[in-house]
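Report on one structure; see the data block that follows.
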């Protein structure tokens, strides 16, 4: 994934932000909506595209767009920077390959410790019983 190629494919849209903010909210388009089409992106390889479609299937719509929204700041520029950083963070996390897990066998001493603790626990529980039983 090449970040420079990816930035060229991003589509930003500014809309009026909701919530408190007084008159500023009513006249300034500070909320930024970022649209990134995973299906048609040239910056992604076919393998990366498939991984993203699988891992981000709940965040990608039917047309293959990943839509992110940012409206925490009153500044449109800061919201644009934040939403872009959020996109790169999501893509990097999704494209990390998981470590291969090697199966291991418990050591003999750990097995013996576990069995000994089971014996001790069993003995404690048996001591709680009524002597008449």
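Just a yes or no: is a residue in segment 63-71 under 30 Å from residue 28 (Cβ atoms) and more than 19 Å from the chain's Cα centre (by Cα)? I'd like the intermediate steps shown before the answer.
Pass one, segment 63-71, residues under 30 Å from residue 28 (Cβ atoms): 63, 65-71.
Remaining after also requiring more than 19 Å from the chain's Cα centre (by Cα): 63, 71.
So far as segment 63-71 goes, yes, one or more of its residues are under 30 Å from residue 28 (Cβ atoms) and more than 19 Å from the chain's Cα centre (by Cα).
So which helices (runs of 4 or more DSSP H) are wholly in segment 19-133 and hold at least 1 residues that are farther than 22 Å from residue 9 by Cα? Lay out the reasoning, then the answer.
Working: elements: 23-27, 46-55, 76-95, 108-127.
Because the criterion is at least 1 residues that are farther than 22 Å from residue 9 by Cα, the helices (runs of 4 or more DSSP H) in segment 19-133 that meet it are 23-27, 108-127.
Bear in mind these aren't lab numbers, they're just calculated from the coordinates by the rules spelled out. Bear in mind that the values here come from a model prediction, so they are computed numbers and not experimental data. No Cβ is skipped: glycine too gets one built from the backbone with ideal geometry, and neighbour counts run over all protein chains shown.
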